[in-house]
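Novice: Shown below is the structure under consideration.
The values are calculated or read from the model by the stated rules, or taken from the named source; none is laboratory data. Here the structure is a predicted model, which is why all the values come from computation and not from measurement. Glycine also receives a Cβ, built like all others from the backbone with ideal geometry; neighbour counts cover every protein chain displayed. What goes into the accessible areas is simple: the full protein's heavy atoms, side chains included, and nothing from ligands, DNA or RNA. Shrake-Rupley method; radii C 1.70, N 1.55, O 1.52, S 1.80 Å.
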Amino acid sequence: MADLFGICPWWLSSILDNPIRRLVHDPESILSPYIERGQTVLDVGCGPGTFTIAIANLVGESGRVIAADVQDEMLRIVRDKAERAGLSSRIVTHKSRPETIGISEMVDFALAFYMVHEVPDTERFLREVTTLLKPNGRLLIVEPKYHVSASSFMRTVEAAKSAGLEPVSEPRIRLSRSMLFELAS
Ligand SMILES: C[S@@+](CC[C@H](N)C(=O)[O-])C[C@H]1O[C@@H](n2cnc3c(N)ncnc32)[C@H](O)[C@@H]1O
């Protein structure tokens, strides 16, 4: 799905958010076990917001979603969707740079869905995410099986452990390799 520059281009956003994808990766059923009302959640590499909108519904009126991406066009799509869904007050968009997410707000939960393989420096990325997690904060990494080998995913898991995250479980998500982490105490 990545283009010549290593990231999924915005004009492929309809591949990421359409009824078939939602059947395969139902955002609410994937995320509802981990997200509570009132939480602050980071959706990093949010793309066109397939998960952002579901997260905004799960955190409720008192919660907040930070949708971060390196592509302005993706963030514009997210803002349009948020507006149409009446969820703009819960969602802030943030333009990241490839080498840093660049937010300072602490979060209860971070989602990195189908994006870690696009990040230029995985170790640095995971260290940064770790600094953003509140105590007991959790990170869910999901990677596409067709694109990320088992050994490559294990390297990501090891990098997450080195960054200070403990693997908690391997949620079963179709076509994917996934790991839920918690900030080590
Ligand atoms: C394959 S898409 C996945 C989008 C979304 N998470 C989903 O599953 O529908 C990967 C997204 O990650 C973004 N991305 C790539 N590298 C990034 C980085 N270093 N920081 C933030 N976003 C990044 C891309 O611009 C793209 O929108």
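Novice: Can you find a residue that is under 25 Å from residue 178 (Cβ atoms), free of Cβ contacts under 8 Å to residues at least 60 places away in the same chain and acidic (Asp, Glu) anywhere in segment 82-94?
Specialist: Checking segment 82-94: not a single residue is under 25 Å from residue 178 (Cβ atoms), free of Cβ contacts under 8 Å to residues at least 60 places away in the same chain and acidic (Asp, Glu).
Novice: Let me ask something additional. Of all the residues that make up segment 30-51, how many are small (Gly, Ala, Ser), open to solvent by less than 10 Å² (accessible area, probe 1.4 Å) and within 15 Å of residue 136 (Cβ to Cβ)?
Specialist: Filtering segment 30-51 down to residues small (Gly, Ala, Ser) leaves 32, 38, 45, 47, 49.
Now drop any that are not open to solvent by less than 10 Å² (accessible area, probe 1.4 Å), which leaves 47, 49.
Retained after the next criterion (residues that are within 15 Å of residue 136 (Cβ to Cβ)): none.
Residues in segment 30-51 being small (Gly, Ala, Ser), open to solvent by less than 10 Å² (accessible area, probe 1.4 Å) and within 15 Å of residue 136 (Cβ to Cβ): 0 in total.
Novice: Moving on to the next point. Give me the pairs: first residue in segment 54-74 and on the phi > 0 side of the Ramachandran plot, second residue part of a loop (DSSP other than H, G, I, E, B), beta-carbon distance under 8 Å, and six or more apart or on different chains, which are they?
Specialist: 60/37; 60/38
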